[in-house]
Amino acid sequence: MNALAHASAEPGQYLTFMLGGELYAVGILAVKEIIEYAGLTPVPMMPEAIRGVINLRGAVVPVMDLSARLGRMASAITKRTCIIIVEVEQGGEQQVIGAMVDAVNAVLEIAHADIEPAPSFGARIRSDFIAGMGKVNGKFVILLDAAHVLSVDEISALAASRERELVAE
C-alpha cells in the first residue's frame, strides 16, 4: 500500500537502511525480521538482482540485492550487510522475500505531513518504486514501495525474458 494512502495524522514507522551511501526506508509493517548476512545458495538463470536463496526455518526465501534491483551496482558484502525479510502481497497471496542491504540503521517515525510525493523526474530509480520522500532532520529519506520493488511477478517476468534471450542466441 502506498505510504501516502494513510489518511490518519499518526506518524508511520519506517525501517531505515543504507544502499550505496544513500538512506532508504520501508514501512515497518512489511518487515518480518532482520537477519545477519550468511551465505546464499545461487540459483541458475535468475535475474542479476536475485543473489540466491536462503533457508529460513525450513522455507526457501529468495534474496534480492536491493542495490542491483534499483539499477545500481551489485552490493559488496561487508560485515554490516543484512537481509531484511519482508512480506508483500502479490496477486492476493503473501510472499516472503529477503532484501539485501548495506546496513540497517533504525526505525523512525515519520509524520504524514513530512512525506512528500515521489518526484516525477530526477530520481535515479523508477518512480513506481518510490512511495514518497520522507523528511527527517532536514534530509530526505527515500520511502520504497516494498510491493513494487520486491514484485515476484515482475522478477519472474524478467527471468523469463532473460531465458528467451539466451535461447535466441
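The values are calculated or read from the model by the stated rules, or taken from the named source; none is laboratory data. Since we're looking at a predicted model, the values are computed, not measured. Because the Cβ atoms are built from the backbone with ideal geometry, glycine has one as well, and the counts that use them run over all protein chains shown.
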Self-check item: Leading residue by the ranking (modelled with the lowest pLDDT) among those in the range 99-118 that are surrounded by fewer than 18 Cβ atoms within 10 Å (Cβ to Cβ) and in contact with a helix residue (DSSP H, G or I) (Cβ under 7 Å, 6 or more places away or on another chain)
Solution: P117
Exercise. Could you tell me whether V96 is at pLDDT 85 or above, closer than 15 Å to A25 by Cα and either polar (S, T, N, Q) or surrounded by 12 or more Cβ atoms within 10 Å (Cβ to Cβ) (or both)?
Key: no
Self-check item: So L56, is it surrounded by fewer than 20 Cβ atoms within 10 Å (Cβ to Cβ), in contact with a strand residue (DSSP E or B) (Cβ under 9 Å, 6 or more places away or on another chain), at pLDDT 90 or above and under 25 Å from A111 (Cβ atoms)
Solution: no
Practice problem: Restrict the check to the range 14-21 and report whether at least one residue is over 18 Å from G132 (Cα atoms) and of a type outside the set (V, I, T). | Solution: yes
Quiz item: Where in the range 14-128 are the strands (runs of 3 or more DSSP E), entirely inside, with at least 1 residues that are without any contact (Cβ under 8 Å) to a residue 24 or more places away in the chain and touching a Pro at 6+ places or on another chain (Cβ under 9 Å)?
Solution: 50-56
